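Contents: one structure, followed by commentary.
The values are calculated or read from the model by the stated rules, or taken from the named source; none is laboratory data. No experiment lies behind these values; they were computed from the predicted model shown. Please note: Cβ atoms are built from the backbone with ideal geometry, for glycine as well, and neighbour counts cover all protein chains shown. For accessibility, only protein heavy atoms count, side chains too; no ligands or nucleic acids. Shrake-Rupley method; radii C 1.70, N 1.55, O 1.52, S 1.80 Å.
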Amino acid sequence: MAEILDGRKLARDIQHRLKDEVVQYKNQIGRIPRMVNIMIGDDHGTCAYARSQQKAADSIGISYDLKLLPEGISQEDLIQLVQDLNNDESVNGILIHRPVPEHIDYPAVANFVNINKDLEGINIINIGKMMLGETHLMPCTPAAVMEHIFSTQIDLKGKEVVIVGSSAIVGKPLCLLLLKQMATVSVCHIETSRAGLLPDYTKRADILIVAVGKARLIKGDWIKEGAIVVDVGINQVDNKIVGDVDFEEAQNRASYITPVPGGVGPVTVVMLMRNGLEAFKKQNNLVN
Ligand code: NAP
């Protein structure tokens, strides 16, 4: 039976370390990190996400501001706000919550976020830096997946890792982070499935990461005995939240597995806080 990778506990442990650091810097320079979350519209799901960020920031001692903008805000006004925050020395980190309304070109706006305040690693310069292995502020969900993997203490060198899902916010950045650890990485996507090859890939994975958004896409017998399984997916089925992996079947084959909910999600929020602290340290010359 697989050991459950408890994301809530992992998040708490990291949160305690971050809190200690914040206290240390507060004593040292009399300041605490401050981050601003720009949210457009009042979608219920995104507000719930903001509440969990606020809670994490409060418990670590980070100042967190939510800027709620009307659905109809123009791209020009949004960029102006981003530039104002870039120029505001009291702001250490900025994030722009997705989804944004259709009339907003998200990547174009993201490129206006100062690269040292870019808490989600969305500016094209930071994406390029990641390609070169020079990541300063890692995208939060891929960083959370890496924390789960590191918590098993597995040596990634030469391990066969299969990522299912190749999105720009999860699958692709994860591939780069894992390559940096010298793992052998395959990235699967919809055409892997259409070609009928998905189980062939998943069955050979020492570490299987699934980020698709399709409930129970991965069956238990698609998983190698003893594999580490990290399920990023979030799907609502009959008023229940489930992942992309058939958890009940998978836990009989895996050595470690993340649950949904309570796996990657809670750690993602704390990775955002870690980025807020890292940005603050860099801007205050507190990085070794
Ligand atoms: P996305 O942008 O929709 O990307 C999904 C990826 O899965 C795409 O590469 C897609 O391929 C691929 N795909 C779709 N159907 C497939 C299939 N049958 N077989 C193989 N690959 C398939 O989604 P995302 O933003 O990466 O998010 C993925 C999931 O993770 C969602 O459930 C999301 O809610 C969740 N998520 C969780 C967190 C967290 O913190 N826990 C954070 C972010 C996302 P094509 O593009 O070629 O169609």
Of the residues in region 155-203, how many are touching an Asp or Glu at 6+ places or on another chain (Cβ under 8 Å) and more than 16 Å from the ligand (Cβ to nearest atom)? 4
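Taking the residues in region 266-288 that are open to solvent by 20 Å² or more (accessible area, probe 1.4 Å), in contact with a helix residue (DSSP H, G or I) (Cβ under 7 Å, 6 or more places away or on another chain) and in a helix (DSSP H, G or I) as candidates, determine which candidate is farthest from residue 11 (Cα to Cα).
Let us first name the residues in region 266-288 that are open to solvent by 20 Å² or more (accessible area, probe 1.4 Å), namely 266, 274, 278, 281-288.
Then drop every residue that is not in contact with a helix residue (DSSP H, G or I) (Cβ under 7 Å, 6 or more places away or on another chain), which leaves 266, 274, 284, 286-287.
With in a helix (DSSP H, G or I) added as a condition, the list becomes 266, 274.
Numbers: 266: 6, 274: 11 Å.
Selected residue: 274.
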Among the listed residues 63, 90, identify the single one that is modelled with pLDDT of 95 or more, over 23 Å from residue 243 (Cβ atoms), open to solvent by less than 40 Å² (accessible area, probe 1.4 Å) and of a type outside the set (A, V, I, L, M). 63
Within region 65-73, does at least one residue satisfy the condition of being out of contact with any helix residue (DSSP H, G or I) (no Cβ under 7 Å at 6 or more places or on another chain) and within 18 Å of residue 274 (Cα to Cα)? yes
If we scan region 4-18, do we find a residue that is open to solvent by 30 Å² or more (accessible area, probe 1.4 Å), in contact with a Leu (Cβ under 8 Å, 6 or more places away or on another chain) and assigned to a helix (DSSP H, G or I)? no
Looking at 76, 21, 102, which is the one that is in a helix (DSSP H, G or I), at pLDDT 95 or above and over 23 Å from residue 284 (Cα atoms)? 76
Filter region 232-259 for residues that are near the ligand (Cβ under 8 Å from one of its atoms) and more than 17 Å from residue 207 (Cβ to Cβ); which is surrounded by the fewest Cβ atoms within 10 Å (Cβ to Cβ)? 235
Of (1) in contact (Cβ under 8 Å) with a residue 40 or more places away in the chain; (2) more than 10 Å from the ligand (Cβ to nearest atom); (3) farther than 18 Å from residue 171 by Cα, residue 228 fails just (3)
Among the listed residues 195, 254, identify the single one that is of a type in the set (A, V, I, L, M) and farther than 30 Å from residue 16 by Cβ. 195
Enumerated strands (runs of 3 or more DSSP E) restricted to region 106-217, each holding at least 1 residues that are in the same structural domain as residue 35 (by TED's automatic domain parsing) and open to solvent by less than 30 Å² (accessible area, probe 1.4 Å): none
